[in-house]
Amino acid sequence: MLALSHFNCSAIPLLPQISNDCGEKVEARVAVEELTQYGNLTLLQPTTSGVIVVILSMTLGIISNIVALFILVNAYSLQRRRTKATFLLFATSLVVTDFIGHLVPGALVLRLYLSGGVHPDDFNSSDSMCEFLGGSMVFFGLCPLFMGCAMAAERCLGVTRPLLHSSLVTKTRTKICLSVIWLAALCVALLPCLKLGSYTYQDPGTWCFIKVLSDTAEVDVAFMALFSGLGLTSLTVSLVCNTISGLKLVLTRLRRKPGSHHSAKSHDIEMVVQLVGIMVTSCICWSPLLIFGLMSVIRSYTGSIGEDLSSYKTLMVLGVRLATWNQILDPWVYILLRRTVLRKIYLITKCQASLRTNTVGRWDQSFPSLKKNQVDEV
């Protein structure tokens, strides 16, 4: 991620014992490299590959969210069932949040890459841009987790208690719930404004997050514990609710009498399958950052991180990269796990199974006839 910056004559006065002449660039370069190896001089420059990766990631995320948003808005306008409309309202809000959460922090990270990043000596400092970037990451990190939890709870109520669901869940209350989710995430993100935690630049100086690796205080531990606790709790509730919904649908399917009407349940199956996809994606993408961040801040505060500091920096970078992929993969859950796509997959699988059965049947039928012909010849 880091590289030596371009060297010129202005750097030579730093090395009077080696060269006082601008023509001796070779010796000066060797000296600079030696000092860099010993850690006495660090010059930053973003690599071209890093910038390309950021641009490609942003482009892919924007396209994916726009396609998913178009599908959801079109489905919402054609939907007449209230339970499905409520789910689509949640899903559309989640995609819009993912889109903004991918665009805004991504643009700020790209700006830091292009500007050369922040020097390691300034990692513990913070400015308005770092505060905004760190707050954006916390806000747009909690919102999808909260929404996934709310969607799972809503579907669990709809599958297990449909009458209670129809009397409690309305579009107005759904909008109020979404507003509460956004407000709660915003309040958590703004806690550093009340001196209840802080945001700092993180290695390699191209992103900001909660202070977890050095000079941590009690408020930093509490802030990170709150962020991780809320995120992990949301994932746990989603897991429990989706498991209950899935088991209920399976039991209903097994108890269904042959020839009975079950088209109404196909909507529930589609929604639960999509929720399971959202939950699995969120667990894979967000759990590492939530767990690594909590481990880092605890070890940093107790002073036991020691020589493992570089390892924890690597884990944090890995965690945030996985977290950014959540906003890219979420839209594909709605694109690929729609009822029409699932039906086509089911029909293709059924067709393949029928072909195998027919092939085995033809082979079984051919062997007896072959044996009969042999007997007749004898």
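The values are calculated or read from the model by the stated rules, or taken from the named source; none is laboratory data. Just so you know, these numbers come straight off a predicted model, no measurement behind them. Here the Cβ positions follow ideal geometry from the backbone for every residue, glycine too, while neighbour counts run over all protein chains shown.
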Which ones in the stretch 284-294 are surrounded by fewer than 18 Cβ atoms within 10 Å (Cβ to Cβ) and either out of contact with any helix residue (DSSP H, G or I) (no Cβ under 9 Å at 6 or more places or on another chain) or free of Cβ contacts under 8 Å to residues at least 60 places away in the same chain (or both)?
I284, S287
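Quick check on the stretch 73-102: of everything there that is among the basic types (K, R) and assigned to a loop (DSSP other than H, G, I, E, B), which residue is modelled with the lowest pLDDT?
R80
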Flag if V297 is assigned by TED's automatic domain parsing to the domain that holds A152, touching a Leu at 6+ places or on another chain (Cβ under 9 Å), buried (at least 19 other Cβ atoms within 10 Å of the Cβ) and among the β-branched types (V, I, T)
yes
Could you tell me which numbered condition G101 fails, if it satisfies all but one of (1) buried (at least 18 other Cβ atoms within 10 Å of the Cβ); (2) over 26 Å from the mean Cα position of the chain (by Cα)?
(2)
Among the residues in the stretch 147-169, are any of a type in the set (S, T, N, Q) and without any contact (Cβ under 8 Å) to a residue 24 or more places away in the chain?
yes
Please specify each residue of the stretch 323-339 satisfying the condition of being part of a helix (DSSP H, G or I) and of a type in the set (A, V, I, L, M).
A323, I328, L329, V333, I335, L336
Unmet criterion (only one of (1) closer than 24 Å to V333 by Cα; (2) not in a helix (DSSP H, G or I)) for C208
(1)
Please work out which one of (1) surrounded by 15 or more Cβ atoms within 10 Å (Cβ to Cβ); (2) more than 24 Å from R321 (Cα to Cα) is the condition C149 fails and give its number.
(2)
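Okay, residues lined up against (1) part of a helix (DSSP H, G or I); (2) at pLDDT below 95; (3) in the same structural domain as R111 (by TED's automatic domain parsing); (4) closer than 21 Å to M279 by Cβ:
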site: F140; (1), (2), (3), (4): yes, yes, yes, yes
site: V159; (1), (2), (3), (4): yes, yes, yes, yes
site: S166; (1), (2), (3), (4): yes, yes, yes, no
site: K175; (1), (2), (3), (4): yes, yes, yes, no
site: L213; (1), (2), (3), (4): no, yes, yes, no
All but one of (1) free of Cβ contacts under 8 Å to residues at least 12 places away in the same chain; (2) part of a helix (DSSP H, G or I) hold for S304; which doesn't?
(2)
Go through the stretch 195-205 and give me each residue that's under 19 Å from V118 (Cβ atoms) and either in a strand (DSSP E or B) or in contact with a strand residue (DSSP E or B) (Cβ under 8 Å, 6 or more places away or on another chain) (or both).
S198, Y199, T200, Y201, Q202
